[in-house]
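Let me begin by presenting the structure, written as structure tokens, before commenting on it.
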Amino acid sequence: MVPSGTPLPNLPPGAAQEALQRLLDGGATRGPPAGMPRAASILPLPAIAAQPLPAPVVPDDPLSSAESFFAARLDGPPLRQFGYETFRGGGGGAALGFGALPEDYILGPDDEVIVAFRGRARQTLTLRIGRDGNLLLPDLAPIPATGRSLKDLRAHLEGLATRDLGGSEVFLSIGQVRQMNIFVAGEVVRPGFQALNALSTVLDALSATGGVRKTGSLRAIRIEGPRGRRVVDLYSVIADAPGDADLSLREGDRIIVPPVGGTVAVAGDVARPAIYELPSRQASAPLGDMLALAGGTIRQGGNRLLVQQSDGAGRRSFAELAPTSAVRRGDAVLVQPGADVVANTVRLAGHVAVPVTRAAAGGRQSQTLRGLISDRRLLRNDPYVRLGVVWRADRQTGQRNFRAFDLGRVLEGRANMPLQEGDEVIVFARSDIAFLTSPAVQRALRGEAPTPAPNAPPVADCPALTSLALASRASPQRYAHVKGAGFPEIGAAPCPQVYLDYPDLPAFMLDQSVVLTGEVRTPGLFPITDDTGLDTVIAAAGGLSDAADLRVVEFAREPPDGGGAIPLARTRLDLTSRNFAAVRLSARDTIRIPRGFGDRDTGPVILLGEFLRPGTYDIRRGERLSEVIARAGGLTPQAYPYGAVFTRQSVRERQQEGFARTARELETSLIQVASGQAVAGSRGTGVDLGAAITAGRELANSLREARAAGRMVVEANPVILAARPELDVLLEPGDIIAIPKRPNEVTVVGSVLNPGSLQFRSGWRASDYVRGSGGTQRFADPSRAFIVLPNGQSTAAGLSAWQQGGPPVPPGSLVVVPQDPSPYETWGFVRDLTQVLGQISVSAAALAVIAREAGN
């Protein structure tokens, strides 16, 4: 309420006399004048001074003794004593009142009243009750007012007006309430006298003192005064505890806050965990009452009530409580779930838009697969529809196992399965199925533990691979149908999330798989349910390729007992009718669809250079070089078939392997010779073994990095091929045939004074071209010189005196003069490497030739 310091506004001048005259004339309307209601007890609403808001609860407030006691016994954040924050921020002045005064307001000295007479007597009086308790009105005897209620005084005045002022009415209101001093003692912040108005309550008085200390009681506050002694339990006001607290105050009342009584902590799953005080003068209380003070338990049922008590020796002891038990002072009650588990749910997981949880049973109906996957939009795009899995727990033991179902038939409405509580329905992506043929899975099937590979996805962190490797080691024949499938170990894929969530799934999926290889668009493993048609598996593989031969489809099935000398029962099926649905499959079956024989080979050959119609030509099986040359219109007049460059991929791979092998042999030879020289005391010879080995390794690295040309020496002259059919090479897809124009130069490289190309001279030999290049250098080795002919063959150059200059050199040839290793024989270990250095010279020359031919 707001303090009334301003009286009700007076009536306009002359209004009272006019009203009285109308009453005397008998024509006035009975009722209060304007601005004065019949039950006049309304206080004016003056401006309210700004008051400080209650301070928020500060978590870092020092713990009281009770709070420290329970903090040492309960885990988690310390509990706080309940109710004391109610008085935080309370001011020290008199409480302000506002609104209508109650009819039972007890009047006292210094209360200001406003009395308005209407009728024969017209006047408004503002009067104050005197110290003697009387209200003095003009022309009337003193009226006792102190101790009377507002309602009683109004009735008394109305009786006087009726008896002494016939034809008049009286209206009564309060202008300003009196002030009183209340003494507050005990466990409060600022004990002493508090100046309050007559409307103040116990809460106002306690707030004016700054509030009750945490060492003070909220349930046993004593009020002593003229009306006697009573006990106020504030929990009935701030905690909705049973009881009806009388909070009113009278002049002369004293408020005494005694020390706090027994306390009980209530923690855990309740609405309002805190430390609560027991009722006054009680050492125990029903557990239900304390839980009600805490706002009740969060869950409706299934709660476990654990109490920590102190025995006679002060030791802590734990006990289970029933809801009807009682708790004692110092007890700490912890409300926990009796069984914090999820019940009556089924879950949809895996390749879904968002994992979905549904009730396993609602009403009289149980959940089914079709009900759970009622909306196709729950699944992400491109699911694997031939198999889904239900992860189900045994009702007795709780052990989980997998159950397969055909997702496609469920989506089509042709199949269904009832679900049980706790089931998890797993949907797969096609990429999850493709992972089963990955190199990591194939290694696990061989019993190899997953190992991390550089720059590879993290398959080593896939626990499913470890589980699969252990299963494969325990039963080597279990995955025989998968191990023999021959999937290429190309690339690597990260472990799918579904196998991280369910590590035992790959082992189950492989047991449920059939192997489909051959002429399908996506060969691989396809998990299925039993009695699945071959048509659905072929559809899952993307369909058949154009080259499929359906006359001899190979079908293999393991015998049911898994024993016997012949582990597989193979059958050849004629499926030219394409009645694939008639072939019913079971897990672990193998189907191979062969490629039909065709005259057309699996790729083209490329003709470059001096052909009349160069380009790309498809070839048939067994087609020869002469036939393709004829299809290209033959050679141009400028063609030089002797210099034909014929490259083949298989030859390139073998040459590349030869380079790597030569590099390894070179490094091994260098290390062996260097080691032998070091044991023999090569340090005394001044030989730098480290530099020599480094040079050898650099050469070995050059061999490794060299790209093989894949060149084959072939005969490409159509005239010679017609005369000697045995030289006509069979073509392979990917072959490249390049016929250059007739050259007019011969190139000389190596240890000559002026390496370069010279114009071809008919009849000239290698010695003539070497002299034309300025002759050999000082450390040249003419005896090892050789010629690389235009067709790729090599022959000795014949530069030694007894060789007479060698054979005639055709145009387009390359003459190579290597370096003589003799000057380096002062290095003891080089003497033992003479043969190796000769090979190095030849290898270096070969590299130059290969690079030159590859560039052409």
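The values are calculated or read from the model by the stated rules, or taken from the named source; none is laboratory data. For clarity, every value in this text was computed on a predicted model and none was experimentally measured. Cβ: placed from backbone, ideal geometry, glycine included. Neighbour counts: every protein chain shown.
Look through region 748-761, keep the residues that are out of contact with any Pro (no Cβ under 8 Å at 6 or more places or on another chain) and under 17 Å from Val809 (Cα atoms), and return whichever of them is surrounded by the most Cβ atoms within 10 Å (Cβ to Cβ).
Here the answer is Leu758.
Which fully enclosed strands (runs of 3 or more DSSP E) of region 292-368 have 2 or more residues being in contact (Cβ under 8 Å) with a residue 60 or more places away in the chain and of a type in the set (Gly, Ala, Ser)?
345-350
I'd like the full set of residues that are farther than 22 Å from Glu67 by Cα and touching a helix residue (DSSP H, G or I) at 6+ places or on another chain (Cβ under 8 Å), limited to region 282-321.
Listed by number, the list holds a single entry, Leu321.
Testing Val498 on (1) modelled with pLDDT of 90 or more; (2) out of contact with any Gly (no Cβ under 6 Å at 6 or more places or on another chain); (3) among the aliphatic types (A, V, I, L, M), one condition comes back false. Which one is that?
Of the numbered conditions (1) modelled with pLDDT of 90 or more; (2) out of contact with any Gly (no Cβ under 6 Å at 6 or more places or on another chain); (3) among the aliphatic types (A, V, I, L, M), the odd one out for Val498 is (2).
Considering only region 644-655, I want to know if a residue exists there that is more than 60 Å from the chain's Cα centre (by Cα) and farther than 30 Å from Asp530 by Cα.
Checked against the condition, which is being more than 60 Å from the chain's Cα centre (by Cα) and farther than 30 Å from Asp530 by Cα, region 644-655 yields at least one hit.
In region 718-745, which residues are of a type outside the set (D, E, K, R), within 21 Å of Ser813 (Cβ to Cβ), surrounded by 14 or more Cβ atoms within 10 Å (Cβ to Cβ) and touching a strand residue (DSSP E or B) at 6+ places or on another chain (Cβ under 8 Å)?
Passing the criteria: Ile737, Ala738, Ile739, Pro740.
Does Asn381 satisfy being polar (S, T, N, Q), in contact with a Gly (Cβ under 9 Å, 6 or more places away or on another chain) and outside any strand (DSSP E or B)?
no
Taking the criterion of being aromatic (Phe, Trp, Tyr), under 33 Å from the mean Cα position of the chain (by Cα), in a strand (DSSP E or B) and buried (at least 19 other Cβ atoms within 10 Å of the Cβ), would at least one residue in region 511-534 satisfy it?
Restricting attention to region 511-534, the residues satisfying the condition of being aromatic (Phe, Trp, Tyr) are 526.
Narrowing the set further to residues that are under 33 Å from the mean Cα position of the chain (by Cα) leaves 526.
When the remaining residues are screened for being in a strand (DSSP E or B), the result is 526.
Cutting the leftovers down to buried (at least 19 other Cβ atoms within 10 Å of the Cβ) gives us 526.
Yes, region 511-534 has at least one match.
Residues in region 161-170 that are out of contact with any Lys or Arg (no Cβ under 7 Å at 6 or more places or on another chain) and in a strand (DSSP E or B): how many?
Adding up the residues that qualify gives 1.
Do the conditions hold for Ala691, that is, is it modelled with pLDDT under 85, in a helix (DSSP H, G or I) and of a type in the set (A, V, I, L, M)? Spell out how you get there, then give the answer.
Working: modelled with pLDDT under 85: yes; in a helix (DSSP H, G or I): yes; of a type in the set (A, V, I, L, M): yes.
Spelling it out, Ala691 is indeed modelled with pLDDT under 85, in a helix (DSSP H, G or I) and of a type in the set (A, V, I, L, M).
Output the residues belonging to region 416-451 that are in contact with a Leu (Cβ under 6 Å, 6 or more places away or on another chain) and either surrounded by fewer than 17 Cβ atoms within 10 Å (Cβ to Cβ) or part of a loop (DSSP other than H, G, I, E, B) (or both).
Asn416, Met417, Pro450
Out of contact with any strand residue (DSSP E or B) (no Cβ under 7 Å at 6 or more places or on another chain) and at negative phi: does that describe Arg254?
No: the conditions fail for Arg254.
Could you check region 122-141 and list, in sequence order, the residues that are in a loop (DSSP other than H, G, I, E, B) and surrounded by fewer than 20 Cβ atoms within 10 Å (Cβ to Cβ)?
Gly130, Arg131, Asp132, Gly133, Leu136, Leu137, Pro138, Asp139, Leu140, Ala141
Can you give me the ranges of the strands (runs of 3 or more DSSP E) entirely in region 694-800 with at least 1 residues that are over 29 Å from Ile629 (Cα atoms) and either under 60 Å from the mean Cα position of the chain (by Cα) or in contact (Cβ under 8 Å) with a residue 60 or more places away in the chain (or both)?
Because the criterion is at least 1 residues that are over 29 Å from Ile629 (Cα atoms) and either under 60 Å from the mean Cα position of the chain (by Cα) or in contact (Cβ under 8 Å) with a residue 60 or more places away in the chain (or both), the strands (runs of 3 or more DSSP E) in region 694-800 that meet it are 745-750.
Any residue at all in region 79-87 that's over 30 Å from Gly268 (Cβ atoms), crowded, with 16+ Cβ neighbours inside 10 Å and modelled with pLDDT under 90? Steps first, answer last, please.
From region 79-87, those over 30 Å from Gly268 (Cβ atoms) are none; that's our starting set.
Within region 79-87, not a single residue is over 30 Å from Gly268 (Cβ atoms), crowded, with 16+ Cβ neighbours inside 10 Å and modelled with pLDDT under 90.
Consider Val385 against the criteria (1) β-branched (Val, Ile, Thr); (2) surrounded by fewer than 15 Cβ atoms within 10 Å (Cβ to Cβ); (3) under 30 Å from Gly533 (Cα atoms): it satisfies all of them except one. Which criterion is unmet?
For Val385, the exception is condition (2).
Would you check if Phe555 is at pLDDT 90 or above, of a type outside the set (Asp, Glu), surrounded by 13 or more Cβ atoms within 10 Å (Cβ to Cβ) and more than 20 Å from Ala485 (Cα to Cα)?
Answer is no for this residue.
Out of everything in region 465-494 that is surrounded by 14 or more Cβ atoms within 10 Å (Cβ to Cβ), within 12 Å of Thr437 (Cα to Cα) and under 26 Å from the mean Cα position of the chain (by Cα), what residue ends up being modelled with the lowest pLDDT?
Ala492
When region 370-393 is examined, which residues are found to be over 14 Å from Phe428 (Cα atoms) and among the acidic types (Asp, Glu)?
Scanning region 370-393 gives a single hit, Asp375.
Scan the strands (runs of 3 or more DSSP E) fully inside region 176-290 and keep the ones with 2 or more residues being farther than 21 Å from Val327 by Cα.
179-186, 192-197, 221-225, 228-232, 254-257
One line per residue, one yes/no per condition, for (1) over 19 Å from Pro790 (Cβ atoms); (2) assigned to a helix (DSSP H, G or I); (3) polar (S, T, N, Q):
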| residue | (1), (2), (3) |
| --- | --- |
| Arg613 | yes, no, no |
| Thr616 | yes, no, yes |
| Ile619 | yes, no, no |
| Ser626 | yes, yes, yes |
| Ala630 | yes, yes, no |
| Gly633 | yes, no, no |
| Pro637 | no, no, no |
| Arg652 | yes, yes, no |
| Gly658 | yes, yes, no |
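Can you name every residue in region 400-414 that is in a loop (DSSP other than H, G, I, E, B) and loosely packed, with under 14 Cβ neighbours inside 10 Å?
Step one: filter region 400-414 for residues in a loop (DSSP other than H, G, I, E, B), giving 406, 412-414.
Matches in region 400-414: Glu412, Gly413, Arg414.
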